[in-house]
Amino acid sequence: MRNPKYLILPLAFALLQSCAANLSYTGAPFKKSFESITSEELKTHLYIVAADDMEGRDTGSEGQKKAGRYVINEYQKMGISPPRSMTNFYQIVPKEALMGRRGNLPQSENILAFIEGSEKPEEVIVISAHYDHVGMSNGEIYNGADDDGSGTVALLEIAEAFQLAKKSGQGPKRSVLFLHVTGEEHGLLGSKYYAENPVFPLVNTVANLNIDMIGRCDPANCGKDYVYVIGSEMLSSDLKKINEKANKVTTNLELNYKYDDPNDKDRLYYRSDHYNFAKNGIPVIFYFDGIHEDYHKPSDTPDKIDYASLQKRTQLIFATAWELANRKERIVVDGNKESR
C-alpha cells in the first residue's frame with residue numbers, strides 16, 4: 001500500500017445448497033474452486049514473489065520485471081491468456097506516466113490476465129493488486145511480502161479458482177480481469193494509467209475488488225479472524241450486501257468498517273488502486289489487514305505472513321467475485337458522488 005508520505009465447514013456448504021437467494025454459490029464447481037485456494041499454494045508463490053532476488057520490486061526495476069515474469073508464467077501454466085485485444089500480458093506504462101513523488105521512474109508495465117464471460121462477456125469484474133514495492137535502501141531489501149506480495153499471490157489463486165470452474169463448464173458469466181498494477185507505491189500511477197487507458201470501457205466495468213495487504217494483522221486485531229473492508233457501500237447499495245452474504249456463508253470473518261469513516265485520519269479509501277476506479281464511478285471494495293509494525297520496512301518478509309488468514313481472506317474475495325460475475329443483474333451504482 002502507498003505510504004502517504006510520498007475452515008470451510010461442511011455446515012457452511014449445506015447452507016449454500018439450501019439458500020435459494022444464493023443460486024450462484026450452489027453446486028460442486030463453486031465448492032471445488034473455493035477449496036482450491038490453499039495456504040500452501042499462497043505460501044509457495046509468496047516466497048518467490050517476495051524473495052531477496054526480486055530486490056524489493058521497485059517500479060520499473062529488473063526485480064519487479066522478474067516478479068512479473070513469474071506471475072505471467074503462472075497464468076500460462078493455468079491456461080489463462082491476456083485480453084484478446086492485447087498481443088501479450090503487458091500494458092506498457094510509459095515513463096511519462098510514471099512521474100512519482102520520489103522522482104521520475106523508468107518505463108514499467110501493468111500485467112493483465114483475462115477469463116472471458118460465458119453469457120455477458122462485455123461486462124467485466126476487475127480484481128486488482130499492485131506488484132511493485134519500494135526496492136532497496138542502504139543495501140537493505142524491502143521485500144514487501146504483505147505490501148503487496150499478499151495481494152499479488154491472492155490474484156493468482158483466485159484466477160486459478162475461476163479457471164477450474166471454467167474447465168468444468170461452469171465458468172463466470174461475466175468476464176474477470178486480473179489486473180496487476182505497477183507504480184502504486186509512487187502514487188497509484190499504474191492504476192491511474194489503466195483508468196485513463198482502459199483495455200475494456202470503464203462503462204462496462206461492473207466493480208473493482210482491490211487487494212492490498214491481506215497477510216498480517218494490526219495491533220488492534222491480532223488473534224481475530226478479520227479483514228478491513230473499505231468503500232463497499234460508497235457507490236453501490238448492492239456491493240456491501242453481496243460481500244457480507246458471501247462472508248456469512250463461507251469464511252465468516254469479522255468485517256471491520258473502521259476506515260469507511262470519512263473522518264478517519266489515515267484516509268485509506270484514497271490510498272490504494274481502487275480509488276482510480278471509484279473516482280470514475282465504479283463500485284469498489286478495498287481489502288486490507290491494517291498498518292502493522294513491519295509496514296514499509298525491510299522486515300516485511302514472507303516468514304511473518306499468517307497464511308491461514310491469507311487463505312480465508314483470499315477465499316472471501318473469490319466468493320464475492322463469483323457472485324458479482326454470476327448474478328443475474330449487474331449491481332446498481334447509486335452511491336454518493338462525493339466519495340469519488
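Within the stretch 303-321, how many residues are open to solvent by 10 Å² or more (accessible area, probe 1.4 Å) and not in a loop (DSSP other than H, G, I, E, B)?
Going residue by residue through the stretch 303-321, those that are open to solvent by 10 Å² or more (accessible area, probe 1.4 Å) are 303-309, 311-312.
Keeping just the survivors that are not in a loop (DSSP other than H, G, I, E, B) gives 303-304, 307-309, 311-312.
Total meeting the criteria: 7.
To keep it simple, each residue is scored yes or no on (1) within 17 Å of the chain's Cα centre (by Cα); (2) within 23 Å of VAL176 (Cα to Cα); (3) modelled with pLDDT of 95 or more.
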position	(1), (2), (3)
ASN252	no, no, yes
ASP264	no, no, no
HIS274	yes, yes, yes
GLY290	yes, no, yes
ASP300	no, no, yes
LYS312	yes, yes, yes
LEU316	yes, yes, yes
TRP322	yes, yes, yes
SER339	no, no, no
Check VAL203 against each of (1) farther than 23 Å from GLU41 by Cα; (2) buried (at least 20 other Cβ atoms within 10 Å of the Cβ) and name the one condition it does not meet. (2)
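May I ask you to verify whether GLU233 is charged (D, E, K, R), assigned to a loop (DSSP other than H, G, I, E, B) and open to solvent by 60 Å² or more (accessible area, probe 1.4 Å)? Talk me through it step by step, then tell me what you get.
Working: charged (D, E, K, R): yes; assigned to a loop (DSSP other than H, G, I, E, B): yes; open to solvent by 60 Å² or more (accessible area, probe 1.4 Å): yes.
Judged against the criteria, GLU233 is a match.
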Quick one: how many residues across the stretch 126-137 are surrounded by 24 or more Cβ atoms within 10 Å (Cβ to Cβ) and in a strand (DSSP E or B)? 6
Condition first: surrounded by fewer than 20 Cβ atoms within 10 Å (Cβ to Cβ) and either of a type in the set (S, T, N, Q) or within 20 Å of GLU323 (Cβ to Cβ) (or both). Now tell me which residues in the stretch 171-199 satisfy that. LYS173, ASN197
Give me the pairs: first residue in the stretch 156-178 and under 19 Å from SER39 (Cβ atoms), second residue modelled with pLDDT under 95, beta-carbon distance under 8 Å, and six or more apart or on different chains, which are they? LEU164/PRO29
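Mind checking which residues of the stretch 138-161 are in a helix (DSSP H, G or I) and open to solvent by 10 Å² or more (accessible area, probe 1.4 Å)? Before you say what the answer is, go through the steps one by one.
Initially, the stretch 138-161 is screened for residues in a helix (DSSP H, G or I), giving 145-161.
Correct list: GLU160 only.
Which residue is most open to solvent (accessible area, probe 1.4 Å), if the candidates are limited to the stretch 71-115 and must be in a loop (DSSP other than H, G, I, E, B) and among the small types (Gly, Ala, Ser)?
Our first condition is that a residue be in a loop (DSSP other than H, G, I, E, B); within the stretch 71-115, this holds for 79-80, 82-89, 94, 98, 101-102, 105-107.
Add one more test, that the residue is among the small types (Gly, Ala, Ser), and what stays is 79, 85.
Working: GLY79: 49, SER85: 93 Å².
Within the stretch 71-115, the match that is most open to solvent (accessible area, probe 1.4 Å) is SER85.
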Only one of (1) within 25 Å of PRO283 (Cα to Cα); (2) among the polar types (S, T, N, Q); (3) in contact with a Leu (Cβ under 9 Å, 6 or more places away or on another chain) fails for ASN104. Which number is that? (1)
Test PRO10 against the criterion of being surrounded by 14 or more Cβ atoms within 10 Å (Cβ to Cβ) and modelled with pLDDT under 95, and give yes or no. no
So GLY335 passes all but one of these: (1) part of a loop (DSSP other than H, G, I, E, B); (2) more than 13 Å from VAL227 (Cα to Cα); (3) modelled with pLDDT of 95 or more. Which condition number does it fail? (3)
Kindly establish whether ILE72 is more than 21 Å from HIS186 (Cα to Cα) and either within 18 Å of the chain's Cα centre (by Cα) or of a type outside the set (Phe, Trp, Tyr) (or both). yes
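The values are calculated or read from the model by the stated rules, or taken from the named source; none is laboratory data. All values reported here derive from a predicted model rather than from experimental measurement. Positions of Cβ are backbone-derived with ideal geometry, glycine not excepted, and every protein chain shown enters the neighbour counts. Please note that ligands, DNA and RNA were not included when accessible areas were found on the heavy atoms of the full protein model with its side chains. Shrake-Rupley method; radii C 1.70, N 1.55, O 1.52, S 1.80 Å.
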